[in-house]
Amino acid sequence: MKLKKAGLLALVLALVLGALPIGGAAAKKEKKDVADMDIPAILEDVDAKGTINVYHWWTAGGEKDAVESVVNDFSDSYSNIRAKSNAIPGGAGGAMVMKVKVLQQAGKSPETFQAHPGQEIEPYLSSNLLLNLNDVWEYANLAGRALPGMEELSTASDGNKYIVPIGIHKTNVIFYNIHVFEKYGVEVPDHEDITWDEFWAICDQLAAAMPDGEYPLDLGDRKGWPACQVFEDIMLGTDAQIYENFINGIYSVEEVTSVLSTYAKLMDYVAPDHSSRDWYEASGQVVAGTYAMQIMGAWMQPLMTSMGQVYGEDYGVFTFPGTDGWFGMCIDGFVVSNDSADVEGGVRWAYNVSTPSVQTAFSTLKESISPYSDTPDEIYNALTLRFKNELIAESTKVYPSFTHGTALPWSASTSLQVQIQEFATSSDHDAEYFANRIVNILKESGVKGDWNLVE
Ligand code: BGC
């Protein structure tokens, strides 16, 4: 696995904080400093009492069971602490940031909440709202156990750790319904790393054969982020250098226009009412055969499982065209508020998600890759194991997702999602017009990354 962040990402600045005024005068609770806490003693105090609020956005089929298993394991480890699971629907974390902001301002910070490492958590750090988890990393030997690259991606711009990773998903995947291909006589290529030409040929054949009301593709972008997910896949699949430039703040209207021109072509094959559904509703329609394919991260696997679908029999996957050899990285983790009612309880939760028992149960149900090398390969199904082996292969190049929090500031990523959704729902898909708007958003947010994806 190769991923070089030449330096630490810089700048989550006045604008971002202005757009996200978390913390500050309204936060009522006193902040705890890790320097005054004995982390090993806290983690070993299995008789501790209390209640912790855990916020996450796992509400789709499969995801729900996975987070439930983490709650159950926590209750086994700390039987006198009640972990209350609070689900913020929507996926991808955008709604979580708003929710946490409101809770923090009301003086009700959640003890712990789901986040993606990287830019997504920087605004909390700028407002000093997260507990430093360096001692948890040390206690649980997370640096020693982490898969290559994971420690660097989990290290914040100030050099400290504030997040404990729980799972990893690949983002550049297309899921397809095998039965739909069979029904319409469309041959499935004998390789998953399809080229753009093969992809367009598949879309053409499906479009020609499917009756009115059925489509080769759907986006399920009622929440916006799935449309942005497709944008980032097309961007990497067009040219990795464009992606690197984009997340480093070197914006070119021409480059974004070329990405959006391909996106416009893709929209010819997408169900026209794509934005009326959430991503998991679109997946349900893929299973029903209304749509043949969905461009989605690998978290669609447990959803397919929850609908009784079997990889290789009912559904298959393609690598998003042009991204063969690349692994789009989406990391889930938990952070701990430093001003909640039970900061120690939050620390216990964050530690617990890294334990082998949680990693085994969670990775099995979420069908995600464990961030830790001591999670045995036996727990993975064939597809997840393939993705894991891809991730750790020396020849694989990794790129951080900006739809899923890591590579762009939250405010930029949120505005981007709105623009891309507007682009996808517009009647003429005017690539140049939207490229100008996108470039302006990102210029205004002052993004200046230092990623080195392309050697
Ligand atoms: C998370 C996944 C989750 C998906 C949809 C992503 O941002 O990283 O774990 O399954 O959103 O909810």
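Values in this text are rule-based calculations from the coordinates and carry no lab data. Quantities reported herein were computed from a predicted structural model and do not represent experimental measurements. Backbone-built Cβ (ideal geometry, glycine too); neighbour counts: all protein chains shown.
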Problem - Cα shape, the range 195-237, gyration tensor, a/c 1.5 rule - result: oblate
Practice task
Using only the Cα atoms of the range 50-174, build the gyration tensor, take square roots of its eigenvalues as a ≥ b ≥ c, and label the shape rounded, prolate or oblate: rounded if a/c is under 1.5, else prolate if a/b is larger than b/c, else oblate.
Solution key: rounded
Handout entry: For the chain, calculated [θ]222 nm from helices alone, where every DSSP H run of n ≥ 4 adds -39500 (n - 2.57)
Key = -12500 deg cm²/dmol
Handout entry: Neighbour-count ranking [beta-carbon atoms within 10 angstrom, fewest first] of ARG386, ARG222
Key = ARG386, ARG222
Completion exercise
Quick calc: nm separation of the 7 Å Cα→Cβ label points for ASN389 and VAL418 -> 4.5
Completion exercise
Fewest-first ordering of HIS274, HIS429, HIS191 by Cβ atoms within 10 Å yields HIS191, HIS429, HIS274
Exercise for the section: Take the alpha carbon gyration tensor of the chain, find the square roots of its eigenvalues, order them as a ≥ b ≥ c, and report rounded if a/c is under 1.5; if not, report prolate when a/b exceeds b/c, else oblate. Expected result: prolate
Practice task
Could you tell me the largest-minus-smallest coordinate of the C-alpha atoms of the range 331-392 on each of the three principal axes, in descending order and whole angstroms?
Solution key: 43, 19, 18
Handout entry: Distant-in-sequence amide H partners of PHE327 (H built 1.01 Å from N, under 5 Å)
Key = LYS397, VAL398, TYR399
Problem - In nm, spacing of pseudo-spin labels at GLU138 and MET98 (7 Å Cα→C-beta vector) - result: 4.0
